[in-house]
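Participant: This is the structure I want to talk about, given as structure tokens.
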């Protein structure tokens, strides 16, 4: 049976391997060639986000460097190669692999106001709840950027959920240039209670930490930064996959579905039959379906959820059905939110999902012949939406994020946003609203409303820049040059720091025969992206104009 497998991204550095016979550089190089050939022969469809030429170029660069690398650097190199595909299901399995790794005993979480030490072993309680400002002396943003190539990140959300704890691994930090030498500790620069200090964590041989749904709960010798006097709904009864509670004050049924799997106590069809029966027989005005912890499972189990909502007409209405999504919403749960978006009147609340809307899922295990390193290569393309509706993630209609103080104090601003939702002046599709203003010629209102919406935090995950740019090209391709010029110009006013906006503005002026202006705007794009692809394209266009 085809299915999207439940995906638990076990960070490769977090697992203890076992000693093997010493591998030579030639062994590693042979394994790399085997992987390269396997991809070309059996998985060429994975060249979707990265070209075959780029992949091969990176393989050659890595192949040449292997003789000068230590084993942990070589494994990091394999990770970078596989991560080029940009699909979370296409990864390397390091548990039981050829190299032992080390890991400091802390858990990080990225809140709306920064990166924090969310959980620690009791030996390091002084660091609990501190904000991380640097790693081994490197500013935290730069350190995160350094380790990101090791993670098969589909988007920023995936990296926040599954990649950030590589900062706890000395081998990762050294392989990616955060440290100049391999260390036995990890030193973080921290801020807590108005005090800045450094804390060095020992890094013993890696074992599994008691992290559950990206968070370390307080239990035994492990500490959680959250106040333990109460527990917010989304963290209650985590031993249950499916959980629901009636909130009488809000006349709301709250459901948390943590995996797309049957709960051992109650299968999904039975659980949701009970939920929808309760809704029909009681004074229920809203349903909140919380999928923010849900990393996937078997997407064939989604049907009772979707069809049950559709049948329950008192809930499947605008403003009555809310779906909470976030950085762990992935795999089969991405299929679920796609289906809910397609077929119900759901309002999505929270953060974007960790998965692309359409994606490569299910994988095959490929064992490299010399190192026995397991590489997992995806083979199933899941497409719930037309290709022109594909995107890096499914974005919420109503943005809501949690700060560290919210977490520590057991406040849930995401659930609160759903419970307090009022449709007065809320735009489910702000881009459609702007498009309507444009089509009816309300130019001044369009300008003012564009500025308002772009700066409204409720819509901060709406990609206004890209969508307005696409609208400009639709007009340009329809030979509506003056209208396209207005739209591209509006984009430069809204996003003056965007090289792509200025590049498009240059193009429309060139096609309008205004060469002098085109040159000016292409040069602006180059100044904003001198070494990147937009700047390169602008230089190419300038050369083309000189012919």
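The values are calculated or read from the model by the stated rules, or taken from the named source; none is laboratory data. Just so it is clear, the structure is predicted and the values come from calculations on it, not from any experiment. Here the Cβ is made from the backbone with ideal geometry for all residues, glycine too, and neighbour counts use every protein chain on show.
Participant: For region 65-76, which positions are in a helix (DSSP H, G or I) and touching a residue at least 40 places away in the same chain (Cβ under 8 Å)? Break it down into steps so the answer makes sense when it comes.
Facilitator: Filtering region 65-76 down to residues in a helix (DSSP H, G or I) leaves 65-68, 71-76.
Residues satisfying the conditions are 66, 67, 71, 72, 73, 74, 75, 76.
Participant: Just wondering, is there one or more residues in region 392-404 that are surrounded by 17 or more Cβ atoms within 10 Å (Cβ to Cβ), in a helix (DSSP H, G or I) and either modelled with pLDDT under 95 or in the same structural domain as residue 268 (by TED's automatic domain parsing) (or both)?
Facilitator: Quick first cut of region 392-404, residues surrounded by 17 or more Cβ atoms within 10 Å (Cβ to Cβ) only: 392-402, 404.
If we keep only those that are in a helix (DSSP H, G or I) too, we end up with 404.
Remaining after also requiring either modelled with pLDDT under 95 or in the same structural domain as residue 268 (by TED's automatic domain parsing) (or both): 404.
The answer is yes, given that some residue of region 392-404 is surrounded by 17 or more Cβ atoms within 10 Å (Cβ to Cβ), in a helix (DSSP H, G or I) and either modelled with pLDDT under 95 or in the same structural domain as residue 268 (by TED's automatic domain parsing) (or both).
Participant: Report yes if residue 197 is outside the structural domain of residue 408 (by TED's automatic domain parsing) and closer than 30 Å to residue 49 by Cβ, otherwise no. I'd like the intermediate steps shown before the answer.
Facilitator: Details: outside the structural domain of residue 408 (by TED's automatic domain parsing): yes; closer than 30 Å to residue 49 by Cβ: no.
No: the conditions fail for residue 197.
Participant: Got at least one residue in region 502-525 being out of contact with any strand residue (DSSP E or B) (no Cβ under 6 Å at 6 or more places or on another chain), part of a helix (DSSP H, G or I), closer than 22 Å to residue 389 by Cα and touching a residue at least 24 places away in the same chain (Cβ under 8 Å)? Can you show your working first?
Facilitator: Of the residues in region 502-525, the ones out of contact with any strand residue (DSSP E or B) (no Cβ under 6 Å at 6 or more places or on another chain) are 502-525.
Pick out the ones that are also part of a helix (DSSP H, G or I) and you get 502-511, 515-525.
Now restrict to residues that are closer than 22 Å to residue 389 by Cα: 504.
Subsequent filtering for residues that are touching a residue at least 24 places away in the same chain (Cβ under 8 Å) retains 504.
The answer is yes, given that some residue of region 502-525 is out of contact with any strand residue (DSSP E or B) (no Cβ under 6 Å at 6 or more places or on another chain), part of a helix (DSSP H, G or I), closer than 22 Å to residue 389 by Cα and touching a residue at least 24 places away in the same chain (Cβ under 8 Å).
Participant: Separate question: Please enumerate the residues belonging to region 253-286 that are assigned to a helix (DSSP H, G or I), over 16 Å from residue 323 (Cα atoms) and touching a helix residue (DSSP H, G or I) at 6+ places or on another chain (Cβ under 6 Å).
Facilitator: Passing the criteria: 268, 269.
Participant: Does residue 215 satisfy the condition of being closer than 20 Å to residue 111 by Cβ, crowded, with 16+ Cβ neighbours inside 10 Å and in the same structural domain as residue 296 (by TED's automatic domain parsing)? Outline the logic, then answer.
Facilitator: Details: closer than 20 Å to residue 111 by Cβ: yes; crowded, with 16+ Cβ neighbours inside 10 Å: yes; in the same structural domain as residue 296 (by TED's automatic domain parsing): no.
Spelling it out, it is not the case that residue 215 is closer than 20 Å to residue 111 by Cβ, crowded, with 16+ Cβ neighbours inside 10 Å and in the same structural domain as residue 296 (by TED's automatic domain parsing).
Participant: Please enumerate the residues belonging to region 77-100 that are assigned to a loop (DSSP other than H, G, I, E, B) and modelled with pLDDT of 95 or more.
Facilitator: At the first step, the residues of region 77-100 found to be assigned to a loop (DSSP other than H, G, I, E, B) are 84-90, 94-100.
Result: 84, 85, 86, 87, 88, 89, 90.
Participant: Read through the list (1) surrounded by fewer than 20 Cβ atoms within 10 Å (Cβ to Cβ); (2) closer than 26 Å to residue 36 by Cβ, then give the number of the only condition that residue 342 fails.
Facilitator: That leaves (2) as the condition not met.
Participant: Condition first: under 19 Å from residue 436 (Cβ atoms) and without any contact (Cβ under 8 Å) to a residue 24 or more places away in the chain. Now tell me which residues in region 446-465 satisfy that.
Facilitator: The answer is 448, 449, 452, 456.
Participant: Kindly check whether there is at least one residue in region 319-332 that is out of contact with any helix residue (DSSP H, G or I) (no Cβ under 6 Å at 6 or more places or on another chain), part of a loop (DSSP other than H, G, I, E, B), over 17 Å from residue 259 (Cβ atoms) and touching a residue at least 24 places away in the same chain (Cβ under 8 Å).
Facilitator: Yes - at least one qualifying residue is present in region 319-332.
Participant: Please give the number of the condition residue 434 fails out of (1) buried (at least 17 other Cβ atoms within 10 Å of the Cβ); (2) in contact with a helix residue (DSSP H, G or I) (Cβ under 8 Å, 6 or more places away or on another chain); (3) part of a loop (DSSP other than H, G, I, E, B).
Facilitator: So residue 434 meets the others, but not (3).
Participant: Among the listed residues 366, 375, which satisfies the condition of being assigned to a strand (DSSP E or B), buried (at least 21 other Cβ atoms within 10 Å of the Cβ) and in contact with a helix residue (DSSP H, G or I) (Cβ under 7 Å, 6 or more places away or on another chain)?
Facilitator: Working: 366 fails: buried (at least 21 other Cβ atoms within 10 Å of the Cβ).
On inspection, the qualifying residue turns out to be 375.
Participant: Looking at residue 323, is it surrounded by fewer than 24 Cβ atoms within 10 Å (Cβ to Cβ) and either under 22 Å from residue 241 (Cβ atoms) or modelled with pLDDT of 95 or more (or both)?
Facilitator: Working: surrounded by fewer than 24 Cβ atoms within 10 Å (Cβ to Cβ): no; either under 22 Å from residue 241 (Cβ atoms) or modelled with pLDDT of 95 or more (or both): yes.
When the stated conditions are applied, residue 323 does not pass them.
Participant: Condition check: buried (at least 22 other Cβ atoms within 10 Å of the Cβ), touching a strand residue (DSSP E or B) at 6+ places or on another chain (Cβ under 6 Å) and modelled with pLDDT of 95 or more. Does residue 122 satisfy that? I'd like the intermediate steps shown before the answer.
Facilitator: Values: buried (at least 22 other Cβ atoms within 10 Å of the Cβ): no; touching a strand residue (DSSP E or B) at 6+ places or on another chain (Cβ under 6 Å): yes; modelled with pLDDT of 95 or more: yes.
Considered against the rule, which asks whether it is buried (at least 22 other Cβ atoms within 10 Å of the Cβ), touching a strand residue (DSSP E or B) at 6+ places or on another chain (Cβ under 6 Å) and modelled with pLDDT of 95 or more, residue 122 comes out as no.
Participant: Could you check, for region 383-391, whether at least one of its residues is in contact with a strand residue (DSSP E or B) (Cβ under 8 Å, 6 or more places away or on another chain) and either free of Cβ contacts under 8 Å to residues at least 12 places away in the same chain or outside the structural domain of residue 27 (by TED's automatic domain parsing) (or both)? Outline the logic, then answer.
Facilitator: Initially, region 383-391 is screened for residues in contact with a strand residue (DSSP E or B) (Cβ under 8 Å, 6 or more places away or on another chain), giving none.
No, region 383-391 contains no residue that is in contact with a strand residue (DSSP E or B) (Cβ under 8 Å, 6 or more places away or on another chain) and either free of Cβ contacts under 8 Å to residues at least 12 places away in the same chain or outside the structural domain of residue 27 (by TED's automatic domain parsing) (or both).
Participant: Another question about this same structure. List the number of the failed condition for residue 101; all other conditions in (1) over 24 Å from the mean Cα position of the chain (by Cα); (2) buried (at least 23 other Cβ atoms within 10 Å of the Cβ) hold.
Facilitator: So residue 101 meets the others, but not (2).
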